[in-house]
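A short reminder: the numbers here are calculations on the coordinates, not readings from a lab. Only a predicted model underlies this, so the values are computations on that prediction, with no experimental measurement involved. Cβ: placed from backbone, ideal geometry, glycine included. Neighbour counts: every protein chain shown.
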Amino acid sequence: MNITANPAEAAADPHAGAGEVLLSVNDISLSFGGVKAISDVSFDIRKGEIRAIIGPNGAGKTSMLNVINGFYHPQQGTISFRGEVRSRMRPHEAAKQGIARTFQNVALFRGMSTLDNIMSGRSLKMKANFFWQAIRFGPALREEIEHRRRVEEIIDFLEIQHIRRTPVGRLAYGLQKRVELARALAMEPDLLLLDEPMAGMNLEEKEDMSRFILDVSAQYGTTIALIEHDMGVVMDLSDRVLVLDYGQKIADGTPAEVQANQAVIDAYLGVSH
Amino acid sequence: MAEARGQEQCEDTFPKLLLRNAKIFGANTAIREKDLGIWQSWTWAQVLEEIRPYSIGLKTLGVKRGDTVAVIGTNRPRLYWTFAAVQALGAVPVPVYADSVAEELAYVLEHAGVGLAVCEDQEQVDKVLSKSDDLPALKRIVYDEPRGLRDYDHTHLHSFEWVQEEGRKAMAADPGLEARWLEEIDKGKGEDIAVILYTSGTTGRPKGVMLNYDNLVISARNGNAFENLTEDELVIAYLPLAWVGDHVFSYAQSLEAGFCVCCPESMETIEFDRREIAPTYFFAPPAIFEGLLTAIMVRMDDAGWLKRRMFDYFLAVAERVGEKILNAEPVSFLDRIRYMLGNFFVYGPLRNRMGMLNAKVVYTAGEAIGPKIFSFFRSLGINLKQLYGQTEASVYVTIQPNGEIFPDTVGRPAPDVEIKITDDGEVLYRSPGVFVAYYKNDEATKETKTEDGWVHTGDAGFITREGHLKIIDRAKDVGRLNDGSRFAPKYVENLLKFFPDVQEVVAFGHERDYCTVFVNINLTSVGNWAERNNIVYASYQELAGHPKVYDMIERHIRQVNRELAAEPEMAGSQIRRFLVLHKELDADDGELTRTLKVRRRIINERYAELIEALYDGSTEKHVATEVTFEDGRKGVLEATLTIRDIAPEIEPELREAAE
């Protein structure tokens, strides 16, 4: 018998960098008072790739994600998403345009069940007016059933059926992270921003999460940008890596290139001055 | 319906039963699966419509009479359908444990000469592929769940839907095909091999137990008749497909009686799924009942004052009269009222919580269940019973009949089963369910099955006064005391281990004058007790050596001795001396296996001095034991252990005679 299991090669290697640019960041600078969080950083994210942003503590990684999803407004520079230069926007507008994110410290509705949390990710897609939603009848009910089906597919995808009814506050940390990913996926985003998806996880949970991230990329074709500290994970998962240090871009390239870059090594190990 | 069922004797294979069910129970639900949060169901007629094109599709892929087809995965409708689809072609399904590692899987596939493997998902497909070089006979793989498999090369790999589609195309192209498929089913006979089940042997390679249709259909029919199971039952299928119990409960009996099988959403959701389904017929190993009991107790600790009071009060009522009511014994009117109230406020909600609200009969088997746990569930009104079975017997050897439940026996011989005990105490049985042979292993068949059909169980046991079988130990572990009486270490150990204070016990007595034991205390349980009784201790060792702990263990042993004395076969094994070990037996020190079973040989070597001390009459012994810490460092633990004597109890009848 001759069966080859080569999903990566057969899938035309979406990570080969052939994809068009989905988001490009040009000469962004962000400062809070006298503190420069980001200075003159430019990079792009291509369609379908997994893009990692790494750097030592305080390098400006999370600030960069906050700029991308409109939470912070840079003093200088432009961002273009899907080819259009973006004006000053608020996070919910970014969400409407198809940018979803998870947070470094889980930001779920702790008292609500897993299911309700994920359903909340669909709220932007609900069209029925307030009246029908309030009485949960007619168009609102039909719509809810359809949304619920999509949510159930995500629950199935991330294998969290057993916690469907559990309030997320009672869940283990690793599972909360998974629920947060589920909620972000429920938005069916074009660009998914993951802020340290594996922080505080044990090895097994990390492996699970890595598999889910790869599956999301393969199955839904979602473009993913992630911040992560676990270098093994970053090198295995990502197609291209952006390295920040003190708010400045010090390297950008494939994992292998970045690993060999002297500036990166210095930033991580420190240099004697 | 009665006439239709009257003809059932001619349906001697599962595909024939399937055709019958599609005809007479066509609109009844045959199988359910929870998917995307909703129970999806298929009626018997729909199941036939699913299986027919699938089976014909498999035929176009080359599956023919006498072939073997592996079925690898968890309980999903399509895998159950695979059994019938394969059997309809006269081929033999070989279910494989879904959690077996690639090597074990490859061994079974290779040994059974499997030409086609039906896998649940990518995980199983990957396992098979990783070993495909060692499996020259394997030509094709079919999978159920497509996730992750999209980009695999599909030359020899097919989805379930694709196979069905091939079948439909073939049927459309050749109108006579369906008739020939039905003829093929008609050719099936009772003595054809229905399935090969590989036993997960603890020693050596697994053996393939060949069961024919007569074995399974007759056993299933007897089992259904014994418990009065009809087409209205609901079961939840959650135990491994490759295990004979699931094959009989969720496949054979379902087809025979026409009842509905429910497949859970995932392995983690079984508790919820069971509650939603409320099966009427349910099976679980003792560990599940232990888990349920613990979960209830933990939750009750967090409950409010009123609920706790109610729970405690009604549980006491249930303990007093619950089992009697279940056994239809006389109970005072007032107690009946109390029990009814309890049923409303406590027992009913608890049964509901556990998914046993509608349970007609619940079986437990596999190993001994603690009598307290057993009685707890029965007192809540759950008809929990013990069953003793084997793969080689198509499950049934003995069952506890309604109204004759003794927690320490496994019941009477099941219908059509004969039992005999050899002079060595080994249990033998003969029944219509007795397997044909081990696949490609005549030597093992000869060792296990005699010329005239008796099967050696490898278990030692005896028949009690009530005519029930009592299993005491593995036959090879049973020894003799110097006075010639039988000594079954595990039997003695289990009696003592049922006390929550006791963690582990090792019994000695083979070729000795009397029985003695090492005891490990349970630190949680005894620690709690110490706290309540103001006993201060700094370490396990200190607590274990405390005279009051010795007193407590002595009381437990006296209780065990009374139980042993009441059993003439076992009276000689009463515990005469004991000591509480200064350390917990530990897998890191090689004293236990990784599955926490005692390694007798190692214990005999490591503690030879202590064993001698148990028999030389000394009351104290100083020992130094090497221990291995978790990080691999070694140390030495020194202690002076006390050894206590216990006077034996007298058998009740002798005592009466003496008075």
Extended-chain gain in nm, criterion 0.36 nm per residue less alpha-carbon gap, A:R142 and A:F71
22.2 nm
Taking every alpha carbon pair in region B:478-658 and sorting the distances into 5 angstrom bins from 0 up to the bin holding the longest one, the percent per bin comes out as 1, 8, 16, 21, 21, 16, 9, 5, 2, 1, 0, 0
Express in whole angstrom the spacing between the alpha-carbon centres of region B:179-240 and region B:112-168.
24
Sites removed, the longest contiguous part of chain A containing no DSSP-loop chymotrypsin sites (Phe, Trp or Tyr not before Pro) with at most 15 other Cβ within 10 Å is A:138-245
log10 I(q)/I(0) for the protein assembly as shown, Debye formula on C-alpha points only (no solvent), q = 0.05, 0.07, 0.09, 0.10 Å⁻¹, two decimals, reads -0.39, -0.77, -1.17, -1.31
Whole-angstrom gap from region B:320-339 to region B:470-521, using each part's C-alpha centre
36
Sequence-distant lysines (8 or more away, or on other chains) whose Cα lies within less than 24 Å of A:K177
A:K61, A:K96, A:K125, A:K206
Honestly chain B on the Cα gyration tensor test (a ≥ b ≥ c root eigenvalues; a/c under 1.5 rounded, otherwise a/b vs b/c for prolate or oblate) is just prolate
Kindly identify region B:126-230 as rounded, prolate or oblate by the Cα gyration tensor criterion: order the square roots of the eigenvalues as a ≥ b ≥ c, call it rounded if a/c is under 1.5, otherwise compare a/b with b/c, prolate if a/b is larger, else oblate.
oblate
Evaluate peptide B:151-161: per residue, the Cβ atoms of other protein chains within 10 Å of its Cβ; return the mean as an integer.
3
Any idea which of A:G34, A:N57, A:L22 is furthest toward the positive side of the dipole for region A:19-69, if Lys and Arg beta-carbons carry +1 and Asp and Glu beta-carbons -1?
A:N57
Candidates per trypsin sites (Lys or Arg not before Pro) in region A:99-168, loop by DSSP, up to 14 other Cβ within 10 Å:
A:R110, A:K127, A:R136, A:R165
Cross-link table B:K440/B:K470; B:K34/B:K207; B:K16/B:K169; B:K23/B:K187, entries beyond 22 Å C-alpha to C-alpha
B:K440/B:K470; B:K34/B:K207; B:K16/B:K169
Rounded if a/c under 1.5, otherwise prolate or oblate - region A:60-207, Cα gyration tensor axes:
oblate
With unit charges on the beta carbons (Lys and Arg positive, Asp and Glu negative) and the dipole taken about the Cα centre of chain B, which residue among B:A316, B:I51, B:L641 sits farthest to the positive side?
B:A316
In whole angstrom, the spacing between the Cα centers of region B:395-444 and region A:147-210 equals 49
Can you sort B:C262, B:C119 so the residue with the fewest Cβ neighbours within 10 Å comes first?
B:C262, B:C119
So in chain A, what percent of DSSP beta bridges are antiparallel if you round to the nearest 5?
55
Can you list residues whose amide H is under 5 Å from B:R512's amide H, if they're 5+ apart or on another chain and H is modeled 1.01 Å from N?
B:N482
Rounding to the nearest 10 and keeping the result within 0 to 90°, find how far the Cα-based axis of helix A:203-220 lies from the longest principal axis of chain A.
80
What dipole magnitude, in Debye to the nearest 20, does the protein assembly as shown give about its Cα centre under +1 on Lys/Arg Cβ and -1 on Asp/Glu Cβ?
2780
Projecting the Cα atoms of A:Q248, B:T448, B:S618 onto the charge dipole of the protein assembly as shown, where Lys and Arg contribute +1 and Asp and Glu -1 at Cβ, the residue farthest towards the positive end is A:Q248
Under a Cβ-only charge scheme (Lys and Arg +1, Asp and Glu -1), can you give me the dipole magnitude of region B:309-357 about the Cα centre, in debye to the nearest 20?
160
Relative to chain A, whose Cα atoms define the longest principal axis, helix A:173-186 and its Cα axis are tilted in degrees, nearest 10, by 80
Rg to Rh, two decimals, where region A:136-236 supplies the alpha carbon set and Rh follows Kirkwood:
1.01
Estimated dipole of chain A in Debye, rounded to 20 [Cβ of Lys and Arg +1, of Asp and Glu -1, Cα centre]
1340
